[in-house]
Amino acid sequence: MADLTTDFVGIKSPNPFWLASAPPTDKEYNVRRAFEAGWGGVVWKTLGEAGPPIVNVNGPRYGAIWGADRRLLGLNNIELITDRPLEVNLREIKAVKRDYPDRAMVVSLMVPCEEEAWKAILPLVEETGADGIELNCGCPHGMSERGMGAAVGQNPDLIEQITRWCKQTTRMPVIVKLTPNITDVRLPAQAAKRGGADAVSLINTVNSITSVDLDLFAPEPTIDGKGSHGGLCGPAVKPMALNMVAEIARSPETADLPISGIGGVTTWKDAAEFMALGAGNVQVCTAAMTYGFKVVQEMISGLSQYLDEKQIGLPDLVGRAIPNVSDWQHLNLNYVSKAVIDQDACIKCGRCYAACEDTSHQAIAMSEDRVFTVKDEECVACNLCVNVCPVEDCITMERMAPGQTDPRTGKVVQAEPADWTTHPNNPMAKVAAE
Ligand SMILES: Cc1cc2nc3c(=O)[nH]c(=O)nc-3n(C[C@H](O)[C@H](O)[C@H](O)COP(=O)(O)O)c2cc1C
Ligand code: SF4
Ligand code: SF4
């Protein structure tokens, strides 16, 4: 079985699966059960400064989007940071860390953007024996209106500032958690690095309204006839999260900045994808909230088996896909493929035909007895038919070998790659050549 032990910015854990700061990590009872189930670490639900506890709504705080089989695809929440007293959380963190010294215990923090507030809370956290802190610069609702959370995460100068305050005050590693509710995630990541961050983690939740009650005419979840935007997470946000992780990992300014990947991780494969794009570990919230703590067992066994099959170690996986993340203009325009339908697998539903005929390139023929075939002379290889076909692997994209003539363009497929930067239709390429 592959070795899954992880050292993330000096914080050791038996596997790279941490629970993200959220309800699963809100109290001792949960975190003990999570560790018993096998989680490698937790980021404790965000603590605020001492004083009167945070007040949450008393109506529904979660909304959702589902697939056709009612599988949860996205969870929306309007919850705030922990609403339990600071001293209770600190006491529990200390007790759990004492009993599980081999697990990662990171504490998420969000206090006002004032140096004194950070200097006040950090020694209290340090005293618990926690392994590190995560700065919540991402909470998109409730706290951002008070100048915290995403209000900080959307302002690189503030990120740099609070990171610096923390680094000057504590010996603990500082992970800066970023909001996706920003145009270019590389800027806050660079700011965190300038402030001295040991790592960034991303993503926090995405600003969203998941649905509208068409009788009440109000966003859901609805509280006394009104709703507000919330933060979306779960499988629906994974594509955005993967892209943002990759953007930071392949940017020269932040390529050496460790990343904790978050957003829709539900299976070992999701985790492996985040790691291949540069994440040193992953954090999970929605999958645990949907399926319970034992989901980690599939993640551990699946990742371990994958690494064994590939005959690579976990560190070899981290960032392995980054050299292959490219910008569009560098993609090989001499790579030509065509859709091919496996007639034995086809159930003759006609979805590929409807999609290609109505919205793509009229490249699928339908015979009277519903045999569907691809017209190579029309197929542009857009992949739409593959994506709409209900039978996995029924339609595949097959590459044309160099030397063959593409019946659509009449051109011979070239073996040498060529991209847009040198294409004759590219005015910039002409300028560069002159
Ligand atoms: C109900 C709920 C509460 C959350 N509270 C916090 C929080 O207090 N601090 C924080 O940094 N992130 C919070 N998050 C965001 C998660 O830590 C995580 O970034 C996000 O859910 C994406 O991961 P996922 O797709 O695995 O759920 C919360 C998420 C949910 C669903
Ligand atoms: S790949 Fe695109 S163009 Fe080709 S058959 Fe499929 S849908 Fe049509
Ligand atoms: S969508 Fe797939 S299963 Fe349906 S007709 Fe096309 S190839 Fe066959």
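The values are calculated or read from the model by the stated rules, or taken from the named source; none is laboratory data. From a predicted model like this one, the values you see are computed outputs, not experimental measurements. Positions of Cβ are generated from backbone atoms using ideal geometry, with glycine treated the same way; all protein chains shown enter the neighbour counts. Side chains are part of the model used for accessible areas, which takes the heavy atoms of the whole protein and leaves out ligands, DNA and RNA. Shrake-Rupley method; radii C 1.70, N 1.55, O 1.52, S 1.80 Å.
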Name the long-range amide H neighbours of L73: under 5 Å, sequence gap of 5 or more, or other chain; modelled H, no Pro or chain starts. I65, W66, G67
Rounded accessible area per residue of the chain, 1.4 Å, Å²: 47 Å²
At 1.4 Å probe size, with the rest of the protein present, what percent of the exposed accessible area of region 340-434 is carbon and sulfur atoms? 51 percent
Go ahead and run the numbers for FRET between A50 and D99, Cβ-Cβ distance against an R0 of 25 Å, rounding to 0.05. 0.50
I'd like the FRET efficiency for A415 and L187, computed as 1/(1 + (r/R0)^6) with the beta carbon distance as r and R0 of 45 Å, rounded to 0.05. 0.65
What ranking of L331, L109 comes out by heavy-atom accessible area, probe 1.4 Å, highest first? L331, L109
Return the long-range amide H neighbours of S337 (sequence gap of 5 or more, or a different chain), with a cut-off of under 5 Å between placed amide H atoms. M400
Relative to the first principal axis of the alpha-carbon coordinates of the chain, what is the inclination of helix 295-310, with its axis defined by its Cα atoms, in degrees from 0 to 90 and to the nearest 10? 50 degrees
Cα gyration tensor of region 1-155, axes a ≥ b ≥ c as square roots of the eigenvalues: rounded (a/c below 1.5), prolate (a/b > b/c) or oblate? oblate
Suppose a student asked you for the relative contact order of region 306-434, using Cα pairs under 8 Å spaced at least 6 residues apart; what percent would you report? 28 percent
Quick check: the angle from helix 86-99's long axis to the longest principal axis of the chain, C-alpha only, nearest 10 degrees? 70 degrees
Taking every other residue with Cβ under 10 Å from the Cβ of P24 and scoring Lys and Arg +1, Asp and Glu -1, one gets +2
Show the residues, 5+ positions off or on another chain, whose built amide H is closer than 5 Å to the amide H of A218. D213
For the chain, give me the percentage of DSSP beta bridges that are antiparallel, rounded to the nearest 5 percent. 50 percent
Just how much of R32 is accessible, in Å², when a 1.4 Å probe is used and the result is rounded to the nearest 10? 60 Å²
Convert each backbone phi in region 401-410 into a coupling constant with the Karplus relation 6.51 cos²θ - 1.76 cosθ + 1.60 (shift: θ = phi - 60°), then list the ³J(HN,Hα) values in order as whole Hz, x for Gly and Pro. 6, x, x, 6, 9, 6, x, 7, 9, x
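Counting pairwise Cα distances across the chain, what percent come out greater than 26 angstrom? Walk me through the numbers before you get to the answer.
Values: 58164 of 93961 pairs.
Roughly 62 percent, rounded to a whole number.
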On the Cα set of region 155-300, report Rg and Dmax in Å, please. 17.1, 54
Karplus ³J(HN,Hα) for region 190-197 (6.51 cos²θ - 1.76 cosθ + 1.60, θ = phi - 60°; Hz, whole; x = Gly/Pro) runs 5, 5, 4, 5, 4, x, x, 4
For Cα pairs less than 8 Å apart in space and 6+ apart in sequence, what is the mean separation divided by the residue count of the chain, i.e. the relative contact order in percent? 13 percent
State, as an integer percentage, the relative contact order of region 221-322 based on alpha-carbon contacts under 8 Å between residues 6 or more apart. 27 percent
If you plug each phi of region 103-117 into the Karplus form 6.51 cos²θ - 1.76 cosθ + 1.60 with θ = phi - 60°, what whole-Hz ³J(HN,Hα) values come out, in order, with x for Gly and Pro? 9, 6, 10, 10, 10, 7, 9, 8, 10, x, 7, 9, 4, 4, 5
Could you tell me which of rounded, prolate or oblate describes region 346-401, using a ≥ b ≥ c as the square roots of the eigenvalues of the alpha-carbon gyration tensor, with rounded for a/c under 1.5 and, failing that, prolate when a/b is larger than b/c and oblate otherwise? rounded
Cβ-Cβ cut-off under 14 Å around T222, Lys and Arg +1, Asp and Glu -1: the net charge is -2
Charges only on Cβ, +1 for Lys and Arg, -1 for Asp and Glu: so what's the dipole of region 245-378 about the Cα centre, in debye to the nearest 20? 340 debye
When the helix-only estimate is applied to the chain (DSSP H runs of n ≥ 4, each -39,500 (n - 2.57), divided by the residue count), what is the mean residue ellipticity at 222 nm, nearest 500 deg cm²/dmol? -8500 deg cm²/dmol
